[in-house]
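K.L.:
Have a look at the structure that comes next, please.
Any read-out appearing in this document is the output of simple, stated calculations on the displayed coordinates, not a laboratory observation. Just so it is clear, the structure is predicted and the values come from calculations on it, not from any experiment. Here Cβ is always computed from backbone atoms with ideal geometry, including for glycine, and neighbour counts include all displayed protein chains.
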Amino acid sequence: MTAHVPVKDDFLLSALLSRQRAAFLRDAHPSAAQRRSDLLKLKRALLARRPRFEAAISKDFGYRSAYETRIMEIIPIIQAINYLRRNVRKWMRPERRRVSLHFLPGRASVIYQPVGVVGIVAPWNYPLSLAVMPLLSAIAAGNRVIIKPSELTPATSDLLKAMLRDIFSEDQVAVVTGGPELGAAFSRLPFDHLVFTGSTNVGRMVLKEAAENLVPVTLELGGKSPTVIGPDADIPTAAASVAYGKLANAGQTCIAPDYVLIHEKDAAAFVASYGETATTFYPGGADDQNYTSIASARHYARQRTLLEDAEKKGARIIGCGKDGASGGHKLAPAIVLNVTDDMMLMREEIFGPILPIVTYRSLDDAISYINRRPRPLALYYFGSSGEDRQKILTRTISGNVTVNDTLMHYVQNALPFGGIGMSGMGAYHGIEGFKSLSHAKGVFEQSRWNLGGLLRPPFNRATDWVIRYLLR
Ligand code: NAD
């Protein structure tokens, strides 16, 4: 234990984990009916508190419209619950596997067993759904859960804690609140699995801490997700989709299109269409009732620094609409042209409503631009050529991809969600979430009569015959 963590926290966390583990051992394989009922309880509790969550998130952010919270957080959770409830019974069934001839009539199968207690560390940008979505996978897989939400969204965390306390016992699902120090103490706990969603830097620290106890970790990190506008793309449609994906939650989305790669012949048309869409979506500019605030003064200042740094280094900045005049931290959308690699906004994940435009001369150039950088969490491609699409899909490596739109892979319940390399490891959502929080236990059942005895001493001619057969 390092000195800067209050002993009290470590002690309380360990005690909570012990209580959950003891409860797990008393009921180590909740039935499908139990898991479906837990998911339903959660769905009902969330729907009953929907307006309160919308208000809490808006308070935490300084402002976020209820529509945005409903569409970006609550609907995906409800849809995921419905999907898991429909499928969990089927996923829980033992899977029969083939056995080789000489092991017949023995039987092999895989049993998906809950791992035990899962820790979840969540970020602030979608403070409800990024805590609850991993919880859904964990419940479907039959586990107990302790969640540590972000300290930057206290109203939402308190409401989440109160809701989960109302519907689950503390030894089934618990929430602990605190900042980075608590996060570090949390990551040191000997969980059976840890799901971390947040920045790459903190993810690296979490992985190190978890390694001490060999805790398996799912890392859902961030990065710079590229958007490739193919040479044959319909520019107004692509610009509208990029504006949607970039400006939802004012760009504070892990899978937001970070920057655009576009053929140099199309850049001007794209910029014009993007600006038009931004003002159609948000006619009131940054003060528009549907436009979200940057979550804090610190995050707002960072966005301003990104713009100032780019301008100083020769970028051209085109504002799309008015900045916020009503207080808070509302930053108008901006496009940045003439960007270079030394600008901060091309070196760091932007996480705000700023869109750099990078031009290419051939799709191959765009592909090598992406491949020279860390593997991104998401990639977007717009275009109608099957050949180009195939090139992008097979020659770039990223978390997930949406073709001809943005963000939408996230809400496909049947798709895994997760990054690769610097954008994360492991996946959840759908059956992958169920499997990654289950132990796939291979079981072989020997039959009373079998050929195995021929391979045990004393050896004889029958042994030679079996060996010849197996080595054929
Ligand atoms: P963050 O890494 O600062 O914090 C995430 C969580 O980690 C918070 O709960 C925080 O309290 C905790 N934490 C902080 N220091 C810690 C430590 N030393 N040990 C353990 N836990 C610690 O991230 P953030 O600013 O809340 O979120 C933004 C980042 O998250 C962006 O990079 C974004 O791309 C990424 N993100 C990824 C996904 C995804 O699904 N892949 C989703 C949303 C956000």
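K.L.:
Helix 154-167: angle to the longest alpha-carbon principal axis of the chain, degrees 0 to 90, nearest 10?
P.N.:
30 degrees
K.L.:
By average Cβ neighbour count within 10 Å, what is the ranking of 442-453, 158-169, 221-232 from highest down? Please list the in-between numbers first.
P.N.:
Details: 442-453: 11.0, 158-169: 16.9, 221-232: 24.5.
Averaged packing, sorted descending, gives the order 221-232, 158-169, 442-453.
K.L.:
Taking just the alpha-carbon atoms of the range 240-392, what radius of gyration and Dmax come out, in angstrom?
P.N.:
15.3, 49
K.L.:
What residues have an amide H closer than 5 Å to that of Thr218, excluding those fewer than 5 places away on the same chain, when H is modeled at 1.01 Å from N in the peptide plane?
P.N.:
Close amide H contacts, sequence-distant or interchain: Leu194, Val195, Phe196.
K.L.:
Report the local net charge at Thr359: Lys and Arg +1, Asp and Glu -1, summed over other residues whose C-beta lies under 12 Å from its C-beta.
P.N.:
Its environment carries a net charge of -1.
K.L.:
Give a residue-ordered list of calculated ³J(HN,Hα) values for the range 344-358 (Karplus: 6.51 cos²θ - 1.76 cosθ + 1.60, θ = phi - 60°; whole Hz; x for Gly, Pro).
P.N.:
4, 6, 9, 10, 10, 4, 6, 6, x, x, 10, 10, x, 10, 10
K.L.:
Can you spot the aspartates and glutamates whose alpha carbon is less than 15 Å from Lys322's alpha carbon? Ignore those fewer than 8 places along the same chain.
P.N.:
Glu276, Asp287, Asp288
K.L.:
Another question, if that's okay. Placing unit charges on C-beta atoms (Lys and Arg positive, Asp and Glu negative, everything else neutral), compute the dipole magnitude of the chain about its Cα centre in debye, rounded to 20.
P.N.:
So the magnitude is around 2320 debye.
K.L.:
Putting +1 on Lys and Arg Cβ atoms and -1 on Asp and Glu Cβ atoms, find which of Val339, Ala278, Tyr380 reaches farthest to the positive end of the dipole of the chain.
P.N.:
Toward the positive end, the furthest listed residue is Tyr380.
K.L.:
Of Lys224/Lys312; Lys59/Lys161; Lys59/Lys435; Lys246/Lys312, which sit over 28 Å apart, Cα to Cα?
P.N.:
Going by Cα-Cα distance, Lys59/Lys435 fall outside the 28 Å limit.
K.L.:
Now, a different point. Choose one of Phe444, Gly319, Thr177: the residue whose Cα lies farthest towards the positive end of the charge dipole of the chain (beta-carbon charges +1 Lys, Arg; -1 Asp, Glu; about the Cα centre).
P.N.:
Result: Phe444.
K.L.:
Also, I was wondering about something else. To test your reading of the geometry: what angle, between 0 and 90 degrees and rounded to tens, separates the Cα axis of helix 235-247 from the longest principal axis of the chain?
P.N.:
70 degrees
K.L.:
Something else now. Could you pull the Rg and Dmax for the range 50-189, using just the Cα atoms, both in Å?
P.N.:
Computed over the Cα atoms of the range 50-189, radius of gyration and Dmax are 18.9, 68 Å.
K.L.:
I would also like to ask the following. To the nearest 10 degrees, how steeply does helix 297-312 sit against the main Cα axis of the chain, on a 0 to 90 scale?
P.N.:
Compared with the principal axis, the helix lies near 60 degrees.
K.L.:
Diagonalise the Cα gyration tensor of the range 188-306 and give the resulting equivalent ellipsoid semi-axes, square root of 5 times each eigenvalue, largest first, whole Å. The partial results should precede the final answer.
P.N.:
Values: eigenvalues 254, 70, 27 Å².
Three semi-axes, in Å: 36, 19, 12.
K.L.:
Roughly what % of Cα-Cα distances in the range 393-442 sit above 19 Å, to the whole percent? Don't jump to the answer; show the numbers that get you there.
P.N.:
On the way: 406 of 1225 pairs.
Value for the range 393-442: 33 percent of Cα pairs lie more than 19 Å apart.
K.L.:
Before rounding to the nearest 500, sum -39500 (n - 2.57) across all DSSP H runs of length at least 4 in the chain and divide by the residue total; then give [θ] at 222 nm in deg cm²/dmol.
P.N.:
Details: 17 runs with 201 residues, N = 472.
Calculated from helices alone, the mean residue ellipticity at 222 nm is -13000 deg cm²/dmol.
K.L.:
A follow-up question, please. Using the count of nearby Cβ atoms within 10 Å as a rough guide to exposure, how do Ser398, Ser31 rank from fewest to most?
P.N.:
Fewest-to-most Cβ neighbours within 10 Å comes out as Ser31, Ser398.
K.L.:
Let me ask something else about it. Within 10 Å of each candidate Cβ there may be at most 11 other Cβ atoms; applying that plus a DSSP loop requirement, which GluC sites (Glu not before Pro) in the range 172-214 survive?
P.N.:
Glu212
K.L.:
Follow-up question, since we're still on this one. What does the convex hull of the Cα atoms come to per residue for the range 373-472, in Å³? The partial results should precede the final answer.
P.N.:
Values: hull volume 22.1 nm³, N = 100.
That works out to 221 Å³ per residue.
K.L.:
No solvent, one uniform scatterer per C-alpha: report log10 I(q)/I(0) for the chain via the Debye equation at q = 0.09, 0.10, 0.13 1/Å, two decimals.
P.N.:
Reported log10 I(q)/I(0), two decimals: -0.66, -0.79, -1.19.
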